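Asker: Could you have a look at this structure, given as structure tokens, before my questions?
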Amino acid sequence: MLSTGALINAEILARAVRRGYRITERGVHHYPRVAGLQTGAKLKVILRAFKELFKLYKQIKYER
């Protein structure tokens with residue numbers, strides 16, 4: 001696994017699909033944050049996510 005942040009779920013899904021696993025959707029409950037601060041809208045976090053996305057794309061595209 002390469003991802004350490006926002007893309008971890010995308011990486012798991014991409015690797016599973018690439019290996020031929022069947023994927024189904026399941027409902028989940030979302031709850032409001034009770035502690036801490038959101039960081040997803042910060043430019044630094046967004047840039048890190050894009051960097052991670054491109055690394056992940058290259059790694060998954062060329063793995064066998």
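Asker: Quick check, is residue 53 touching an Asp or Glu at 6+ places or on another chain (Cβ under 7 Å) and surrounded by 11 or more Cβ atoms within 10 Å (Cβ to Cβ)? First the steps, then the outcome.
Answerer: Working: touching an Asp or Glu at 6+ places or on another chain (Cβ under 7 Å): no; surrounded by 11 or more Cβ atoms within 10 Å (Cβ to Cβ): yes.
No: the conditions fail for residue 53.
Asker: Turning to a different aspect of this structure: State which residue is modelled with the lowest pLDDT when the search covers only the stretch 17-64 and only residues that are basic (Lys, Arg) and farther than 18 Å from residue 6 by Cα.
Answerer: At the first step, the residues of the stretch 17-64 found to be basic (Lys, Arg) are 18-19, 22, 26, 33, 42, 44, 48, 51, 55, 58, 61, 64.
Subsequent filtering for residues that are farther than 18 Å from residue 6 by Cα retains 18-19, 22, 26, 61, 64.
Working: 18: 89, 19: 91, 22: 94, 26: 93, 61: 83, 64: 65.
Selected residue: 64.
Asker: Still on this structure, I have one more. If you take the residues in the stretch 51-64 that are among the charged types (D, E, K, R) and either in contact (Cβ under 8 Å) with a residue 12 or more places away in the chain or part of a helix (DSSP H, G or I) (or both), which one is farthest from residue 20 (Cα to Cα)? Outline the logic, then answer.
Answerer: Taking the stretch 51-64 first, the residues among the charged types (D, E, K, R) are 51-52, 55, 58, 61, 63-64.
The next check asks that each one be either in contact (Cβ under 8 Å) with a residue 12 or more places away in the chain or part of a helix (DSSP H, G or I) (or both); those that pass are 51-52, 55, 58, 61, 63.
On the way: 51: 26, 52: 23, 55: 22, 58: 19, 61: 14, 63: 14 Å.
Out of the qualifying residues, it is 51.
Asker: Confirm whether residue 5 is loosely packed, with under 10 Cβ neighbours inside 10 Å and either within 13 Å of the chain's Cα centre (by Cα) or not in a helix (DSSP H, G or I) (or both). Walk me through how you get there before you give the answer.
Answerer: Details: loosely packed, with under 10 Cβ neighbours inside 10 Å: no; either within 13 Å of the chain's Cα centre (by Cα) or not in a helix (DSSP H, G or I) (or both): yes.
When the stated conditions are applied, residue 5 does not pass them.
Asker: Next question. Give the residues of the stretch 31-64 that are over 14 Å from residue 10 (Cα atoms) and touching a helix residue (DSSP H, G or I) at 6+ places or on another chain (Cβ under 7 Å), sorted by residue number.
Answerer: Within the stretch 31-64, just 39 meets the criteria.
Asker: Filter the stretch 15-50 down to residues that are in a helix (DSSP H, G or I) and of a type outside the set (A, V, I, L, M, F, W, C) and give me whichever is surrounded by the fewest Cβ atoms within 10 Å (Cβ to Cβ). Before the answer, list the steps.
Answerer: Here is the first cut: in the stretch 15-50, the ones in a helix (DSSP H, G or I) are 15-18, 43-50.
After this cut, where a residue has to be of a type outside the set (A, V, I, L, M, F, W, C) as well, the list is 15, 18, 44, 48.
Details: 15: 16, 18: 12, 44: 8, 48: 15.
Out of the qualifying residues, it is 44.
The values are calculated or read from the model by the stated rules, or taken from the named source; none is laboratory data. These numbers come from a predicted model, not from an experiment. Glycine gets a Cβ as well: all are built from the backbone with ideal geometry, and neighbour counts include every protein chain shown.
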